[in-house]
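Coordinate-derived values only; no laboratory data. A quick note: this is a predicted structure, and the numbers were derived from the prediction, not measured. A quick note on method: Cβ atoms are made from the backbone with ideal geometry, for glycine too, and the neighbour counts reach across all protein chains shown.
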Amino acid sequence: MLNQVVLVGRLTDDIEVTTTEEGKKYSNLTLAVQRTYKNVDGIYEADFVRCILWNAIAQSTSEYCHKGDIVGIKGRLQVNSYEDKDGNKRYSTEVIAEKVTFLSSKKAETFEEEDEEDE
């Protein structure tokens, strides 16, 4: 089985790091990934992909990358389900980052997750 995603896009906001009750750091970000084709109006559209970063990746990315920077993210898809207020089953899909490459920030580097299982 294989669950791997590679994205290159722009950060839609600055990144904030949050700490869990267990002391693990994480951040949520949205990556705007431009499509490779134009729509009927001749405009490139974008997909806005929610990504979750953990520990060192979250910390480093928040320090060196800001809104509008281009980053590459390699990770895996995770699908969650929940019930909305009306009792309907809903799904959310996000990318759990395993590697982030800073492509347009002042400190162009690559950070990878250590051998930790975080969710």
Full extension between residue 86 and residue 13 adds, at 0.36 nm per residue less the Cα distance, a length in nm of 23.2 nm
For residue 35, the net charge from surrounding residues (Cβ-Cβ under 9 Å; K, R +1; D, E -1) works out to -1
Taking trypsin sites (Lys or Arg not before Pro) in a DSSP loop with at most 13 other Cβ atoms within 10 angstrom as exposed, one finds the longest site-free stretch of the chain at 1-66
Computed about the Cα centre, the charge dipole of the chain from +1 Lys/Arg and -1 Asp/Glu charges at the Cβ has a magnitude in debye, to the nearest 20, of 600 debye
Between the alpha carbon centres of segment 1-65 and segment 73-101 the gap in Å comes to 12 Å
Here P(r) for the chain, Cα-Cα distances in 10 Å bins, as whole percents, is 13, 41, 31, 13, 2
As straight-line cross-link partners of residue 99, the qualifying lysines (C-alpha separation under 16 Å, not fewer than 8 residues apart within one chain) are 25, 74, 107
Residues whose modelled amide H sits under 5 Å from the amide H of residue 104, counting only those 5 or more places away in sequence or on another chain, are 70
Lys and Arg at +1, Asp and Glu at -1: neighbours of residue 4 with Cβ under 11 Å from its Cβ sum to +2
Relative contact order in percent for the chain (Cα pairs under 8 Å, 6+ apart) equals 26 percent
For the pair residue 41 and residue 24, the simple spin-label estimate (label points 7 Å beyond Cα toward Cβ) gives in nm 4.2 nm
